[in-house]
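The values are calculated or read from the model by the stated rules, or taken from the named source; none is laboratory data. The shown structure was predicted, so the numbers you read here are calculated from the model rather than taken from an experiment. Here the Cβ is made from the backbone with ideal geometry for all residues, glycine too, and neighbour counts use every protein chain on show. With ligands, DNA and RNA removed, areas are computed over all heavy atoms of the protein, side chains included. Shrake-Rupley method; radii C 1.70, N 1.55, O 1.52, S 1.80 Å.
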Amino acid sequence: MNIKITADSTCDLSPELVHRYGVGIMPLAVILGDKMFRDGVDITPQDIFGYVSANGVLPKSSAPSVEEYAEFFAQQLANCDAVVHYNISSKASSSYENAASAAKDKRFKNKVFVVDSHALSTGQGLLVLKACDLVKEGYSPKDIAEITANLRGKVNTSFVPDALDYLHKGGRCSLASLMGAKVLKLHPMIDMKEGKLYAKKKYMGGLERCLKNYVAELAADYPNYDKTRCFITHSCCEPEVVEKVRVQVKELFHFNEILETVAGCVVTTHCGKNTLGVLFIYD
(Lines give C-alpha, C1' and ligand atoms only; values in the text may rest on other atoms or scores of the structure.)
Protein backbone atom coordinates (compact mmCIF):
# COMPACT_ATOMS: atom_id res chain seq x y z
CA MET A 1 0.00 0.00 0.00
CA ASN A 2 1.37 3.40 -1.00
CA ILE A 3 0.96 5.73 2.00
CA LYS A 4 1.83 9.41 1.87
CA ILE A 5 2.77 11.28 5.06
CA THR A 6 1.90 14.98 4.96
CA ALA A 7 2.03 17.86 7.44
CA ASP A 8 1.39 21.53 8.01
CA SER A 9 4.44 23.69 7.31
CA THR A 10 4.67 24.31 11.06
CA CYS A 11 6.47 20.96 11.45
CA ASP A 12 9.63 22.94 10.55
CA LEU A 13 11.31 20.09 8.69
CA SER A 14 14.21 21.24 6.54
CA PRO A 15 13.92 20.95 2.74
CA GLU A 16 16.48 18.14 2.88
CA LEU A 17 14.37 16.13 5.34
CA VAL A 18 11.18 16.81 3.39
CA HIS A 19 12.91 15.42 0.30
CA ARG A 20 14.55 12.50 2.09
CA TYR A 21 11.31 11.25 3.62
CA GLY A 22 8.99 12.36 0.82
CA VAL A 23 6.75 14.41 3.12
CA GLY A 24 3.99 16.50 1.57
CA ILE A 25 3.83 19.99 3.08
CA MET A 26 0.74 22.20 3.40
CA PRO A 27 1.85 25.83 3.92
CA LEU A 28 0.07 28.05 6.40
CA ALA A 29 -0.31 31.69 5.46
CA VAL A 30 1.73 34.52 6.96
CA ILE A 31 0.23 38.00 6.57
CA LEU A 32 2.46 41.09 6.56
CA GLY A 33 0.28 44.18 6.34
CA ASP A 34 -1.93 43.67 3.31
CA LYS A 35 0.24 40.98 1.72
CA MET A 36 -0.13 37.24 2.19
CA PHE A 37 2.75 34.78 1.93
CA ARG A 38 3.11 31.00 2.19
CA ASP A 39 5.16 29.70 5.11
CA GLY A 40 8.29 28.03 3.82
CA VAL A 41 7.59 28.98 0.20
CA ASP A 42 7.89 32.71 -0.45
CA ILE A 43 8.80 34.23 2.92
CA THR A 44 11.76 33.80 5.28
CA PRO A 45 12.31 34.38 9.02
CA GLN A 46 14.48 37.37 8.09
CA ASP A 47 11.39 38.93 6.50
CA ILE A 48 9.59 38.49 9.83
CA PHE A 49 12.39 40.18 11.80
CA GLY A 50 12.47 43.07 9.35
CA TYR A 51 8.70 43.56 9.44
CA VAL A 52 8.52 43.55 13.25
CA SER A 53 11.47 45.93 13.53
CA ALA A 54 9.91 48.37 11.07
CA ASN A 55 6.31 48.18 12.28
CA GLY A 56 6.48 47.20 15.95
CA VAL A 57 3.75 44.58 15.54
CA LEU A 58 3.76 40.87 14.74
CA PRO A 59 2.62 39.44 11.43
CA LYS A 60 -0.56 37.39 11.47
CA SER A 61 -0.84 33.74 10.48
CA SER A 62 -3.78 31.98 8.94
CA ALA A 63 -4.79 28.32 8.64
CA PRO A 64 -5.67 26.82 5.26
CA SER A 65 -9.39 26.61 4.63
CA VAL A 66 -11.41 23.39 4.46
CA GLU A 67 -11.47 23.77 0.68
CA GLU A 68 -7.70 24.23 0.50
CA TYR A 69 -7.12 21.10 2.57
CA ALA A 70 -9.55 19.15 0.38
CA GLU A 71 -7.66 20.24 -2.72
CA PHE A 72 -4.35 19.34 -1.08
CA PHE A 73 -5.56 15.86 -0.10
CA ALA A 74 -6.96 15.25 -3.57
CA GLN A 75 -3.62 16.17 -5.12
CA GLN A 76 -1.75 13.82 -2.78
CA LEU A 77 -4.15 10.93 -3.44
CA ALA A 78 -3.52 11.20 -7.17
CA ASN A 79 -0.23 9.40 -6.52
CA CYS A 80 -0.93 7.26 -3.44
CA ASP A 81 -3.55 5.08 -1.77
CA ALA A 82 -3.85 6.90 1.56
CA VAL A 83 -2.69 10.05 3.36
CA VAL A 84 -1.83 10.55 7.04
CA HIS A 85 -1.66 14.27 7.80
CA TYR A 86 -0.20 16.02 10.87
CA ASN A 87 -1.45 19.40 12.03
CA ILE A 88 -0.07 22.01 14.40
CA SER A 89 -1.77 21.78 17.81
CA SER A 90 -5.50 22.47 17.66
CA LYS A 91 -4.99 24.74 20.69
CA ALA A 92 -2.84 27.05 18.54
CA SER A 93 -4.64 27.05 15.20
CA SER A 94 -7.83 26.04 13.41
CA SER A 95 -5.74 23.97 10.98
CA TYR A 96 -6.68 20.65 12.55
CA GLU A 97 -10.39 21.46 12.59
CA ASN A 98 -10.28 22.46 8.92
CA ALA A 99 -8.21 19.46 7.85
CA ALA A 100 -10.43 17.05 9.78
CA SER A 101 -13.51 18.57 8.12
CA ALA A 102 -11.92 18.21 4.69
CA ALA A 103 -11.07 14.58 5.39
CA LYS A 104 -14.79 13.83 5.78
CA ASP A 105 -15.34 14.45 2.07
CA LYS A 106 -16.88 11.31 0.59
CA ARG A 107 -14.04 11.17 -1.94
CA PHE A 108 -11.59 10.50 0.87
CA LYS A 109 -13.46 7.79 2.81
CA ASN A 110 -10.90 5.56 4.56
CA LYS A 111 -8.14 7.32 2.62
CA VAL A 112 -7.27 10.42 4.68
CA PHE A 113 -6.34 10.28 8.37
CA VAL A 114 -5.74 13.55 10.23
CA VAL A 115 -3.74 13.76 13.47
CA ASP A 116 -3.71 16.70 15.88
CA SER A 117 -0.03 16.74 16.89
CA HIS A 118 -0.68 18.67 20.15
CA ALA A 119 2.67 20.27 19.27
CA LEU A 120 4.34 22.74 16.98
CA SER A 121 7.66 23.05 15.20
CA THR A 122 9.73 19.88 15.28
CA GLY A 123 7.65 18.50 18.14
CA GLN A 124 5.16 18.07 15.33
CA GLY A 125 8.03 17.06 13.04
CA LEU A 126 9.03 14.19 15.34
CA LEU A 127 5.60 12.62 14.89
CA VAL A 128 5.84 13.14 11.14
CA LEU A 129 9.17 11.31 10.89
CA LYS A 130 7.92 8.59 13.25
CA ALA A 131 5.03 8.10 10.84
CA CYS A 132 7.51 7.79 7.98
CA ASP A 133 9.36 5.11 9.95
CA LEU A 134 6.09 3.23 10.46
CA VAL A 135 5.31 3.35 6.75
CA LYS A 136 8.60 1.57 6.07
CA GLU A 137 7.70 -1.01 8.71
CA GLY A 138 4.50 -1.84 6.87
CA TYR A 139 1.84 -0.40 9.16
CA SER A 140 -1.57 0.58 7.83
CA PRO A 141 -2.52 4.27 7.65
CA LYS A 142 -5.08 3.82 10.45
CA ASP A 143 -2.50 2.18 12.71
CA ILE A 144 0.07 4.88 11.90
CA ALA A 145 -2.40 7.59 12.89
CA GLU A 146 -3.32 5.78 16.13
CA ILE A 147 0.25 4.94 17.15
CA THR A 148 1.52 8.47 16.62
CA ALA A 149 -1.53 10.02 18.30
CA ASN A 150 -0.72 7.91 21.36
CA LEU A 151 2.82 9.32 21.36
CA ARG A 152 1.74 12.97 21.54
CA GLY A 153 2.05 13.15 25.30
CA LYS A 154 5.63 11.84 25.12
CA VAL A 155 7.05 14.49 22.83
CA ASN A 156 9.27 17.04 24.54
CA THR A 157 8.36 20.28 22.77
CA SER A 158 10.29 22.92 24.67
CA PHE A 159 12.47 25.90 23.88
CA VAL A 160 14.29 28.84 25.44
CA PRO A 161 13.81 32.31 23.89
CA ASP A 162 16.55 34.92 24.05
CA ALA A 163 14.02 37.71 24.65
CA LEU A 164 10.31 37.95 25.42
CA ASP A 165 9.45 40.78 23.04
CA TYR A 166 7.63 38.59 20.52
CA LEU A 167 5.78 36.69 23.24
CA HIS A 168 4.71 40.04 24.70
CA LYS A 169 3.56 41.41 21.36
CA GLY A 170 1.58 38.21 20.85
CA GLY A 171 -0.18 38.55 24.20
CA ARG A 172 1.60 35.60 25.80
CA CYS A 173 3.73 37.66 28.19
CA SER A 174 2.77 40.63 30.37
CA LEU A 175 4.63 43.94 30.25
CA ALA A 176 5.77 43.39 33.84
CA SER A 177 7.23 39.99 32.94
CA LEU A 178 8.90 41.47 29.88
CA MET A 179 10.56 44.28 31.85
CA GLY A 180 11.51 41.97 34.70
CA ALA A 181 13.13 39.52 32.31
CA LYS A 182 15.20 42.28 30.74
CA VAL A 183 16.38 43.68 34.08
CA LEU A 184 17.14 40.32 35.68
CA LYS A 185 18.34 38.59 32.49
CA LEU A 186 15.69 35.90 32.78
CA HIS A 187 15.11 33.32 30.06
CA PRO A 188 12.00 31.15 30.49
CA MET A 189 11.78 27.58 29.37
CA ILE A 190 8.61 27.39 27.30
CA ASP A 191 7.04 23.93 27.23
CA MET A 192 3.92 22.36 25.73
CA LYS A 193 1.41 20.41 27.76
CA GLU A 194 -1.76 19.00 26.22
CA GLY A 195 -1.23 21.19 23.19
CA LYS A 196 -0.78 24.49 25.04
CA LEU A 197 2.34 26.59 25.65
CA TYR A 198 3.29 27.55 29.19
CA ALA A 199 6.37 28.78 31.07
CA LYS A 200 7.77 25.77 32.90
CA LYS A 201 10.66 27.51 34.66
CA LYS A 202 13.12 30.40 34.37
CA TYR A 203 16.88 30.57 33.92
CA MET A 204 19.03 33.55 34.84
CA GLY A 205 22.05 34.84 32.95
CA GLY A 206 23.23 35.07 29.36
CA LEU A 207 21.63 32.93 26.65
CA GLU A 208 24.52 30.45 26.36
CA ARG A 209 24.55 29.83 30.10
CA CYS A 210 20.80 29.36 30.14
CA LEU A 211 20.89 26.93 27.22
CA LYS A 212 23.60 24.91 28.95
CA ASN A 213 21.41 24.59 32.06
CA TYR A 214 18.37 23.82 29.90
CA VAL A 215 20.05 20.90 28.11
CA ALA A 216 21.48 19.54 31.37
CA GLU A 217 18.04 19.57 32.97
CA LEU A 218 16.47 17.85 29.96
CA ALA A 219 19.00 15.05 30.35
CA ALA A 220 18.20 14.77 34.06
CA ASP A 221 14.43 14.92 33.57
CA TYR A 222 14.27 12.42 30.71
CA PRO A 223 16.71 9.55 31.35
CA ASN A 224 14.66 7.24 29.12
CA TYR A 225 13.96 8.36 25.58
CA ASP A 226 13.63 7.23 21.97
CA LYS A 227 17.20 7.22 20.70
CA THR A 228 16.20 7.35 17.02
CA ARG A 229 16.58 11.11 16.64
CA CYS A 230 16.33 14.53 18.21
CA PHE A 231 16.03 18.01 16.81
CA ILE A 232 17.95 21.14 17.66
CA THR A 233 15.58 23.73 16.29
CA HIS A 234 16.29 27.44 16.46
CA SER A 235 15.23 30.79 15.05
CA CYS A 236 18.45 31.94 13.38
CA CYS A 237 20.78 31.52 16.38
CA GLU A 238 24.49 32.13 15.88
CA PRO A 239 26.23 28.98 14.54
CA GLU A 240 28.64 28.83 17.48
CA VAL A 241 25.73 28.82 19.95
CA VAL A 242 24.05 25.97 18.10
CA GLU A 243 27.31 24.02 17.93
CA LYS A 244 27.84 24.29 21.70
CA VAL A 245 24.36 22.91 22.25
CA ARG A 246 25.04 20.09 19.78
CA VAL A 247 28.25 19.12 21.60
CA GLN A 248 26.44 19.06 24.94
CA VAL A 249 23.55 16.99 23.53
CA LYS A 250 26.07 14.44 22.19
CA GLU A 251 27.73 14.27 25.60
CA LEU A 252 24.54 13.85 27.65
CA PHE A 253 22.33 11.84 25.28
CA HIS A 254 22.84 8.96 22.89
CA PHE A 255 20.71 9.79 19.86
CA ASN A 256 21.39 7.99 16.60
CA GLU A 257 20.84 11.24 14.77
CA ILE A 258 20.90 14.91 15.85
CA LEU A 259 19.06 17.01 13.29
CA GLU A 260 19.34 20.79 13.09
CA THR A 261 16.49 22.83 11.65
CA VAL A 262 15.60 26.51 11.51
CA ALA A 263 12.12 27.43 12.71
CA GLY A 264 9.72 28.46 9.97
CA CYS A 265 7.94 31.78 9.71
CA VAL A 266 4.78 30.86 11.63
CA VAL A 267 6.75 29.60 14.61
CA THR A 268 9.25 32.49 14.39
CA THR A 269 6.35 34.94 14.56
CA HIS A 270 5.57 33.67 18.05
CA CYS A 271 9.04 33.15 19.52
CA GLY A 272 11.34 35.75 17.94
CA LYS A 273 15.01 35.57 17.03
CA ASN A 274 17.59 33.44 18.88
CA THR A 275 15.12 30.98 20.36
CA LEU A 276 16.41 27.41 20.63
CA GLY A 277 14.93 24.08 21.63
CA VAL A 278 16.05 20.46 21.89
CA LEU A 279 13.11 18.23 21.00
CA PHE A 280 12.72 14.47 21.20
CA ILE A 281 10.34 11.65 22.13
CA TYR A 282 10.74 10.25 25.64
CA ASP A 283 9.59 6.97 27.21
Within the set of pairs 6+ apart or on separate chains, which have a first residue in region 102-130 that is in contact (Cβ under 8 Å) with a residue 12 or more places away in the chain and on the phi > 0 side of the Ramachandran plot, a second that is open to solvent by less than 10 Å² (accessible area, probe 1.4 Å) and part of a helix (DSSP H, G or I), and C-beta atoms under 7 Å apart?
-> S121/T10
Residue that is nearest to T233 (Cα to Cα) [pool: residues in region 36-57 that are of a type outside the set (S, T, Y) and buried (at least 17 other Cβ atoms within 10 Å of the Cβ)] = P45
Please list, ordered by first then second residue, the pairs with beta carbon atoms under 8 Å, 6 or more apart or interchain, first in region 46-60 and closer than 19 Å to A263 by Cβ and of a type in the set (A, V, I, L, M), second in a helix (DSSP H, G or I) and open to solvent by 70 Å² or more (accessible area, probe 1.4 Å).
-> V52/K169; L58/K169
Among (1) touching an Asp or Glu at 6+ places or on another chain (Cβ under 8 Å); (2) touching a residue at least 60 places away in the same chain (Cβ under 8 Å); (3) not aliphatic (A, V, I, L, M), the one test that P27 misses | (2)
What are the residues in region 232-247 that are within 19 Å of I281 (Cβ to Cβ) and part of a helix (DSSP H, G or I), if any?
-> V245, R246
Can you confirm whether region 19-35 contains a residue that is part of a helix (DSSP H, G or I), at pLDDT 95 or above, farther than 16 Å from L120 by Cβ and open to solvent by less than 60 Å² (accessible area, probe 1.4 Å)?
-> yes
Which helices (runs of 4 or more DSSP H) sit wholly inside region 119-195 and have at least 1 residues that are crowded, with 21+ Cβ neighbours inside 10 Å and at pLDDT 95 or above?
-> 121-136, 141-151
Positions within region 58-96 being among the aliphatic types (A, V, I, L, M) and open to solvent by 70 Å² or more (accessible area, probe 1.4 Å), in sequence order = A78
Go through the residues of region 30-41 one by one and say whether even a single one is over 14 Å from the mean Cα position of the chain (by Cα) and aromatic (F, W, Y).
-> yes
Residues of region 248-283 being among the hydrophobic types (A, V, I, L, M, F, W, C) and assigned to a loop (DSSP other than H, G, I, E, B), which ones?
-> F253, F255, A263
